[in-house]
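Working notes, structure below.
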Amino acid sequence: MADVITGAYELPQTMEGHYVLHDLYGVHWPFWLSQSGDERLAVLAEATAWLREQAGAGQMRSALYSMVGQKADLLLLHYRDNPEGINRTERSFRRLRLFSYLRPAGSYLSVIEASLAEANAVVLRRLAERSLIIGSSEYQAAFAAEMAKERKVLESRVLRFIPDQRYLCFYPMSKRRGETVNWYALPADERRALMRGHGKIGHRYHREVIQVVGGSIGLDDYEWGVTLHADDPLVIKRLITEMRFDPASSRYAEFGPFHFGIRQPGDDLSGLLQAAIA
Amino acid sequence: MADVITGAYELPQTMEGHYVLHDLYGVHWPFWLSQSGDERLAVLAEATAWLREQAGAGQMRSALYSMVGQKADLLLLHYRDNPEGINRTERSFRRLRLFSYLRPAGSYLSVIEASLAEANAVVLRRLAERSLIIGSSEYQAAFAAEMAKERKVLESRVLRFIPDQRYLCFYPMSKRRGETVNWYALPADERRALMRGHGKIGHRYHREVIQVVGGSIGLDDYEWGVTLHADDPLVIKRLITEMRFDPASSRYAEFGPFHFGIRQPGDDLSGLLQAAIA
Amino acid sequence: MADVITGAYELPQTMEGHYVLHDLYGVHWPFWLSQSGDERLAVLAEATAWLREQAGAGQMRSALYSMVGQKADLLLLHYRDNPEGINRTERSFRRLRLFSYLRPAGSYLSVIEASLAEANAVVLRRLAERSLIIGSSEYQAAFAAEMAKERKVLESRVLRFIPDQRYLCFYPMSKRRGETVNWYALPADERRALMRGHGKIGHRYHREVIQVVGGSIGLDDYEWGVTLHADDPLVIKRLITEMRFDPASSRYAEFGPFHFGIRQPGDDLSGLLQAAIA
Amino acid sequence: MADVITGAYELPQTMEGHYVLHDLYGVHWPFWLSQSGDERLAVLAEATAWLREQAGAGQMRSALYSMVGQKADLLLLHYRDNPEGINRTERSFRRLRLFSYLRPAGSYLSVIEASLAEANAVVLRRLAERSLIIGSSEYQAAFAAEMAKERKVLESRVLRFIPDQRYLCFYPMSKRRGETVNWYALPADERRALMRGHGKIGHRYHREVIQVVGGSIGLDDYEWGVTLHADDPLVIKRLITEMRFDPASSRYAEFGPFHFGIRQPGDDLSGLLQAAIA
Amino acid sequence: MADVITGAYELPQTMEGHYVLHDLYGVHWPFWLSQSGDERLAVLAEATAWLREQAGAGQMRSALYSMVGQKADLLLLHYRDNPEGINRTERSFRRLRLFSYLRPAGSYLSVIEASLAEANAVVLRRLAERSLIIGSSEYQAAFAAEMAKERKVLESRVLRFIPDQRYLCFYPMSKRRGETVNWYALPADERRALMRGHGKIGHRYHREVIQVVGGSIGLDDYEWGVTLHADDPLVIKRLITEMRFDPASSRYAEFGPFHFGIRQPGDDLSGLLQAAIA
């Protein structure tokens, strides 16, 4: 991480945490349903044990969603410490007997990130109220102490567990690099002001919607993978609508496909695949 | 829903109703037709019972269309109270024996929405004729009473049954966010004026075409899913053509694929799959 | 159809005729050729009878083309009175045994259309030479009589049979709705002038190329499906090239994929599928 | 062909020759390799005889390339007199037993074309040196005689055999019809000047690279199919790079996918499919 | 290679080295895992021997990566002397028994290139310090000697072995040829200045990230294939992010899909396919 005190460096400073894999699958329903009850029980027992182990004891590192629409039947969401952890998880999943009954329906790799610029600004404002001489050793010590606190806060965000809200909306996005409207050609000040406005909208919904932003430059096809978690599906619609009117999005966002799903109660694979639903 | 009295908030205010799933399928005809008559009767009996139950007694909550062209053979259109209702329906459909003979051909998730801004404007005009002092408690009471009435009207629209016209045209669309032509960067006044003009065209056709607008921000890849229902196929062509010249569309609309179908008389699955048509 | 006398209404006035389906298929050659001679004869007998019946006695309502390139092996072109006629035809085709040996390779739905604006202009010019008082009952009677004649001419075009020229070129297209170059934002006068110029090019080739324009707004993904029929393949290339330089196309046309085929002599399915060609 | 003397007509005048099909296939290697040696020999004998017959005795009308990368394993390149010749060839190929082991991987139809405008200009310059009175019958006779010579030269180009260089690069392309940068809206003079500059680059490489330009307006999805043949792979890279900086390309060209292959020595199908390559 | 002394020629001068193939595959896991242990051992023995032989004794000419996400399971990266070497390698791989268990998931062909312009500039600066008379025979001899040294350096780069860092990020890219923002329409000076700035960023990371740039004009669909090799995954993210803000990328780069993988320890195919990973 570059030194964030100087502020001379205009790049966005980010702190990274868990790596995230969105792993989507369809089910070959007729093939699956044509298996004997015993076979299905055995397959589900193996897969359920795998998922329980992956999810971690009470840690919510893996979660299961039932997806709406034909794009996919289920989503496995994984948080891991590093790319190897992600790779090990997906590779072990593909070795399950359940995998024979699934059709890969898309995946997305990202790493949860948080902006250090914001933390830096907060600390500078806080210090300004303490009448320290800027540049003095006391100032530097105070800065270091405050930043350490802020980093703790950010770390708890980028190393968070999977939220347990009922609905999930996932979409990848990039900032526009158009011929005239180009995010990456904006002055750093303007970018920061836009992101601040954008952040405020998210903040207004923070009690209702948990927003997990994964950076994916160099990892996957878009620049970010955004996941929204909420207990009210309409509040997700409203948040994205409101953001769409915010200049940071209205002018600069380009969206990939949207995926909407429902957390499977108890991450219960058997329930999703076995239950005859009336 | 935000407070619509103040008018200070510039976002579009919407009322949401039924969730809608357009569920398209092709038929593996040779495989289907190679089954014995008994097998086909059994498969159709199960599927017909399912559809009857889904559709609700006389409630038109699910409907069947025969689609024209190779994109799909049939469309199942579902209106439900919430995402769980949609998900339960599609998941139970996939467990039918009929599903073995089908090929998923696309789906679209949205939620029927109506604009509260329009209702708000109507009420304000109505109150203006009653010489009440704006802001007085009588004014506020009158406003509340009138808005309650308008909400009833809107509710009957967003919680409507599936229209029973013969032809259906479905297409997803978004408002353009181009580098210079950008719906979301327009002043709210201008957006409202454009939508009013747009609404007038729809209104002119309201006896011939039922227009169901589903919002899909956060639910699917476009911002809306539009379904037109009419008994004359050319009036659908004419309505969309006329809208295409209207500035709200000519400058700001981006369309996805179009699907055109014919309501299957009596939502009769057997008729669609079984009848030898000369 | 709106009243075309007034001229006050700026929308393009069209007369619609036959619905058109372009139905493209590939052949699973190895699977087909692995069938016994008897099986193939039986399959072809059924399909040939179907095509003969569909085509209508001497009416050229259905026709067969051998397509060039890997996109498709054959095209079935159907003209019908209404969407139900199209749907019945495609559904009955899918029930033929031949269908087991085919791979759907794309379809396009449209309805043949002709411009009434042009007819209207012609009549107005004709009446101008007859020194009638505009608005008088004689003028109105003369207008009605002349328009009736013109409508007959247009009807014979939009209700035409399938042309029997040797080569076919089909492509879907839309008018551009760009951020600065936008057909639907042009003044009606300008659009008409552009279409007139465009029509003149088509007219110059009218002895060599039959151009069938199907409107497809609300029916399929583009706004028109254009089919050119000619006995000289290069004259098709030349016509489209010339149109590409015409402002109505150079600035405002957006083209979909092009399909090029050869009318199968006698619409002979057996010839296309059976003959060993050296 | 329009009269090229007058020069009044601003369209590009072209002479057309052979029709060209690029026919790309992948090989189902495991299926192919699982066949017995006898079966493979029989399949290859049939296909080799077919290719020998198609190629023409010493005429190089069909040729075989081994393609690099997963897009395709092999390319069959065919030159024929007319669309029927192309269609007959591809249809007969699909009837070979070899076809069972192949996967269609794309095709492109075009017709070799040469510009008459250039020839016309050359002749006019040549006549200008002979002090004939323009418009006189001698002038016209001289013009006709010189044009006849030039046509012979062009004919030998558009009716050429397949070049036998080692490497092939094929790509389709169109001229841009953007909102502001639009080839088809340029004055004819400017287009001609740009093409002249473009031609000069090609000419500079003419000893090292044979460039075959097939026009495909109305035949396939782009406007041209370009094939480069050379014995040095880097000279192909250099030529296209250089053209990319030339205004005719830098501003006006839009490229489709690129295919790179190696001429199979002796057009030897068996070698490509049979040989165990260390 | 054109003469680089004169500087009159404005094209980018490049030196080319190894041809590079990125060859991506998915694994048909259920099919693979359903094989007997003996079969799998035999398949892996053959494939492992093939890979060992391809990689060259200690030469790192072929390498194996485990890819993250559903796009692919494994990447084979090959460096070869010429297109024939690439083609021979991929063709021999397709003949392995292992190939039956794989699904092609994309490939990319390029040739490692380095800019001679930079070397030329370095040499000219160096000579300027030696007070030689420009154009004199001593000057020319000195220039030739220095350029020969520089070429050696570049050769060692374009003929390098495959880097052995743990993480790999691959993406194809092109320079933008937009209607107003067009790399190829820039003056050569401006292009060089932009590339110099771009190069500096890469240089700042040179200890942490090995960047291999393959030119692919005429070889594949984009203009370059870029591969980054690093031992820290976040440093790859940071480098690409930083470049995205650099004008050469922010305004002029267009990116294809991104692939992220982990070097398989010891290029061990058996480990990747066989190991049961907990």
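Every read-out reported here was derived from the displayed coordinates using simple, explicitly stated rules and does not represent laboratory data. Not measured: the values here are computed from a predicted model. Positions of Cβ are generated from backbone atoms using ideal geometry, with glycine treated the same way; all protein chains shown enter the neighbour counts.
Points to keep in mind about this one:
- Contact order, relative form, for segment C:98-243: 31 percent (alpha carbon pairs under 8 Å, 6 or more residues apart, mean separation divided by residue count).
- Of all chain A residues, the one whose Cβ lies closest to the rotation axis that maps A onto E, given with that distance rounded to whole Å, is A:GLU179, 6.
- Gyration tensor over the Cα atoms of segment C:84-208: the corresponding equivalent ellipsoid has semi-axes (square roots of 5 times the eigenvalues, largest first) of 38, 22, 15 Å.
- A simple count of charges around B:PRO265, restricted to other residues whose Cβ falls under 12 Å of its Cβ and scoring Lys, Arg +1 and Asp, Glu -1, yields -2.
- Rounded Å value of the spacing that divides the Cα centres of segment E:173-250 and segment C:187-260: 42
- Each copy carries a label point for D:ARG204 at 7 Å from Cα toward Cβ; from one copy, the others' points are 3.7, 3.7, 5.9, 5.9 nm away, ordered from shortest.
- Peptide E:28-34 has a mean shielding of 4, counted as Cβ atoms of other protein chains within 10 Å of each residue's Cβ.
- Residue-by-residue Karplus 3J(HN,Hα) for segment A:243-260, coefficients 6.51, -1.76, 1.60, Hz, glycine and proline x: 5, 5, 8, 6, x, 4, 9, 4, 9, 10, 9, 10, 9, x, x, 9, 10, 10
- Averaging Cα coordinates gives a centre for segment A:35-105 and one for segment D:98-127; these two points are 54 Å apart.
- Shortest-first distances to equivalent copies, position B:GLU254, nm, label 7 Å out along Cβ: 1.0, 1.0, 1.5, 1.6
- With only the Cα atoms considered, segment C:136-194 has a convex hull volume of 152 Å³ per residue.
- Per-residue Cβ neighbour counts within 10 Å put A:MET60, A:MET15 in the sequence A:MET60, A:MET15, beginning with the fewest.
- The convex hull built on the alpha-carbon positions of the protein assembly as shown has an orientation-averaged projected area of 65.4 nm².
- Nearest-first distances (nm) between copies at E:SER34, label 7 Å from Cα via Cβ: 1.1, 1.1, 1.8, 1.8
- Violating pairs (Cα-Cα greater than 31 angstrom) within the set A:LYS237/C:LYS71; E:LYS71/E:LYS237; A:LYS149/A:LYS200; C:LYS175/D:LYS200; A:LYS200/B:LYS149; A:LYS71/A:LYS237: A:LYS237/C:LYS71; C:LYS175/D:LYS200; A:LYS200/B:LYS149
- Computed E for D:SER131/E:SER137 - FRET, C-beta separation, R0 41 angstrom, nearest 0.05: 0.20
- Inter-chain neighbour count for C:40-52: the average number of beta-carbon atoms from partner chains within 10 Å of each residue's beta-carbon is 0.
- Peptide B:209-221 has a mean shielding of 5, counted as Cβ atoms of other protein chains within 10 Å of each residue's Cβ.
- Here the protein assembly as shown carries DSSP beta bridges of which approximately 100% are antiparallel, counting only pairs with both residues inside.
- Hull volume in cubic angstrom per residue (convex hull over the Cα atoms of chain C): 147
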